[in-house]
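Let me begin by presenting the structure, written as structure tokens, before commenting on it.
The values are calculated or read from the model by the stated rules, or taken from the named source; none is laboratory data. It should be emphasised that the depicted structure is a prediction, and the values quoted were computed from it without experimental measurement. Cβ placement follows ideal geometry from the backbone for every residue including glycine, while neighbour counts extend to all protein chains displayed.
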Amino acid sequence: MSEVIRLENVWVKYGDIVVLEDINLSIYEYDFLGIIGPNGGGKTTLLKVILGLIKPTRGKVTVLGDTPEESRRYVGYVPQVTLFDREFPATVLDVVLMGRLGRKGILGRYGKEDLKVAYEALESVEMLELKDRRVGELSGGQLQRVLLARALVTDPKILLLDEPTASVDEPTKTNLYELLKKINNKVTIVLVSHDMGVISSYVEKIACLNRRLFYHGSPEMEGRAVEETYQCPIYLIAHGFPHRVLKKHKRSK
Amino acid sequence: MILWEALQYEFMRNALLAGILASIACGIVGALVVVRKMSMISGGISHAAFGGIGLGYLLGFDPLYGALAFTTASAVIMGFIRERMGISEDSAIGIIWVTGMSLGVILIGLSPGYAPDLFSYLFGSILAVPSSDLIVMAVLDAVILVVVYFLYEEFLAVSFDEDFAKASGVPTERVYLILLSLVALTVVILIRVVGVILVIAMLTVPAVTAWQFSRRLNEIMLLSSILSIIFTVEGLWLSYIFNIPSGATIVLVSVVTFLLASALKKIF
């Protein structure tokens, strides 16, 4: 299997604050990688480094054998839902079409092909019926699906998802992962989340990130790695209270 | 009735035409400004215009051209500060805002004689718009319409999610710079109507009012242009009847309508 993303000794600093420290990571074609870690652990930064939105202070990033900027158009990005202005004046279809912007050229307009692809993507995430709905009227889970559709219309080889299960209820969560599983047949998926309860049952490989990347391999919860990431005892996780892990971690600071 | 009577005068017809031309610009660009949350940047750019007005006085050319040069320059500087320098956008706005105003005051002070229509640049004088200015306004309107026609999708995407737009290959820095330049043009158009100090009102109030009743960006653009025409005519009419300053009246009419609309929206 070929390597699609490679990070070598990547450091990111904001001023004096080290956000990512000496990250080494290889991701292979059709991987389904889950990266877990506490809030503020650098998960979003890592995705943005892979997208070329943030330049590493040190180290080398290779995506599909090229620089992140060059490979951007093969990478689909699903940012965190919570970042959006819910009053924003755009419909579901408007938002999904944004995924086609890079293709139409700056002065061009959307064509029939763009619409067709957008409809197909909305169909695949079961949101076609709501295509004329204003995005602000959607639930968190629905907006998540719309953002996923927007990433899919770019026809990506790699899909990056940031906290896709935040603000989503349990049944929707399961649906979302089933959908990702299907997409994974053709697309490499990297997903970051602090919610490892769900992550572990669907992803094939798991890594832990808290400034440093601790572990990378199959998802049998490797106690020591998780412990080091969250800096708290493993039994909390084994008992199935992933959120308590976070609370514990904050208190210990 | 009184309005028709008033329209027999050329200055009234010019005022109405100026109001309509300004409304087209401030409806379209105002929609982009509020959706992108850049009303303070617009405030900075509009106050910077005063420096150019002062330069016009000093060197004896139409102050409106000076304003155009200064707003465009400050738009470009603002864009670069955001992308390249370590200063926060907020501070940059403050600095550009006061630099433009102070330069204006000094340049006017250096100009020989008394500056007769200075007040009209500060607070607008829609009743004294010469026909030559109407042509400038119409040309700027046309530029704005063409640019927004071609870049509508980019503006929408960049306002909604800049990271994603960048990641999917939109030259976001250039798009932002163009957007700032549109604000610069609109400010020049609006100076005649409400003046440097109140420009920010016309860029925000009609658009925010329209936003409450729109689902899409293009609906906000259309509705806020229409609202802005109504506000201008209404303000003009009231100022004519009561013999009060027109620019400030137009702004207050807009604000009152906005408050009423918000209250209605809450109730229903």
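The set of residues in the range B:86-127 being polar (S, T, N, Q) and either crowded, with 17+ Cβ neighbours inside 10 Å or outside any helix (DSSP H, G or I) (or both) consists of B:Ser88, B:Thr99, B:Ser111, B:Ser120, B:Ser125.
Here B:Val33 meets each of (1) among the hydrophobic types (A, V, I, L, M, F, W, C); (2) modelled with pLDDT under 95; (3) within 14 Å of B:Val187 (Cα to Cα) with one exception, condition (2).
Which count do you get for residues in the range A:72-82 that are within 14 Å of A:Val135 (Cβ to Cβ) and within 8 Å of chain B (Cβ to nearest Cβ)? It would help to see each step written out before you state the result.
As a first pass, look at the range A:72-82 and keep what is within 14 Å of A:Val135 (Cβ to Cβ): A:79, A:81-82.
Now narrow it down to the ones that are within 8 Å of chain B (Cβ to nearest Cβ): A:79.
Of the residues in that region, 1 qualify.
Among the residues here, B:Ala184 does not qualify as in contact with a Leu (Cβ under 7 Å, 6 or more places away or on another chain) and assigned to a helix (DSSP H, G or I). Failed condition for B:Phe213, given (1) outside any loop (DSSP other than H, G, I, E, B); (2) within 14 Å of another protein chain (Cβ to nearest Cβ); (3) closer than 23 Å to B:Ile250 by Cα, with all others met? Status for B:Phe213: all satisfied but (1). Of the listed requirements (1) within 11 Å of chain B (Cβ to nearest Cβ); (2) assigned to a helix (DSSP H, G or I); (3) within 17 Å of the chain's Cα centre (by Cα); (4) not basic (Lys, Arg), A:Glu69 misses just one: (3). Scanning the range A:9-56 for residues that are small (Gly, Ala, Ser) and assigned to a loop (DSSP other than H, G, I, E, B), we see that the one that is nearest to A:Tyr177 (Cα to Cα) is A:Gly37.
So is A:Ile17 away from chain B (no Cβ under 14 Å), under 21 Å from A:Pro164 (Cβ atoms) and of a type outside the set (Ser, Thr, Tyr) or not? Full working, then the answer.
Numbers: away from chain B (no Cβ under 14 Å): yes; under 21 Å from A:Pro164 (Cβ atoms): no; of a type outside the set (Ser, Thr, Tyr): yes.
Judged against the criteria, A:Ile17 is not a match.
I'd like the full set of residues that are more than 9 Å from the chain's Cα centre (by Cα), more than 14 Å from chain A (Cβ to nearest Cβ) and over 16 Å from B:Lys37 (Cα atoms), limited to the range B:156-192. Give the derivation first.
Within the range B:156-192, the first condition is being more than 9 Å from the chain's Cα centre (by Cα), and the residues that meet it are B:156-182, B:192.
Still in the running and more than 14 Å from chain A (Cβ to nearest Cβ): B:180-182, B:192.
Across the range B:156-192, the qualifying residue is only B:Arg192.
Kindly check whether there is at least one residue in the range A:170-177 that is on the phi < 0 side of the Ramachandran plot, of a type in the set (Asp, Glu) and modelled with pLDDT of 80 or more. Scanning the range A:170-177, I find no residue that is on the phi < 0 side of the Ramachandran plot, of a type in the set (Asp, Glu) and modelled with pLDDT of 80 or more, so the answer is no. Scanning the range A:154-187 for residues that are within 20 Å of A:Gly99 (Cα to Cα), out of contact with any Leu (no Cβ under 7 Å at 6 or more places or on another chain) and of a type in the set (Val, Ile, Thr) yields A:Thr154, A:Ile158. For the range B:98-113, the criterion of a residue being at pLDDT 95 or above, out of contact with any helix residue (DSSP H, G or I) (no Cβ under 7 Å at 6 or more places or on another chain) and within 14 Å of another protein chain (Cβ to nearest Cβ) is satisfied by no position.
All conditions but one from (1) more than 23 Å from B:Ile135 (Cα to Cα); (2) β-branched (Val, Ile, Thr); (3) surrounded by fewer than 20 Cβ atoms within 10 Å (Cβ to Cβ) apply to B:Thr204; the one that does not is (3). Screening the range A:181-208 for residues that are touching a strand residue (DSSP E or B) at 6+ places or on another chain (Cβ under 6 Å) and at pLDDT 90 or above and picking the one that is surrounded by the fewest Cβ atoms within 10 Å (Cβ to Cβ) gives A:Asn184.
Could we say that B:Pro206 is away from chain A (no Cβ under 14 Å), within 25 Å of B:Gly60 (Cα to Cα) and not aliphatic (A, V, I, L, M) here? Judged against the criteria, B:Pro206 is not a match. Annotation note: of B:Glu173, B:Glu153, B:Glu83, the sole residue that is crowded, with 17+ Cβ neighbours inside 10 Å and farther than 26 Å from B:Val196 by Cα is B:Glu153.
Across the range B:134-155, the qualifying residues are those that are among the acidic types (Asp, Glu) and in contact (Cβ under 8 Å) with a residue 12 or more places away in the chain, and the one among them that is farthest from the other protein chains (Cβ to nearest Cβ) is B:Asp141.
Going by what's in this entry, would A:Lys55 be described as within 14 Å of chain B (Cβ to nearest Cβ) and either modelled with pLDDT of 95 or more or more than 14 Å from the chain's Cα centre (by Cα) (or both)? So that I can check it myself, show each step before the final result.
Values: within 14 Å of chain B (Cβ to nearest Cβ): yes; either modelled with pLDDT of 95 or more or more than 14 Å from the chain's Cα centre (by Cα) (or both): yes.
Yes, satisfied.
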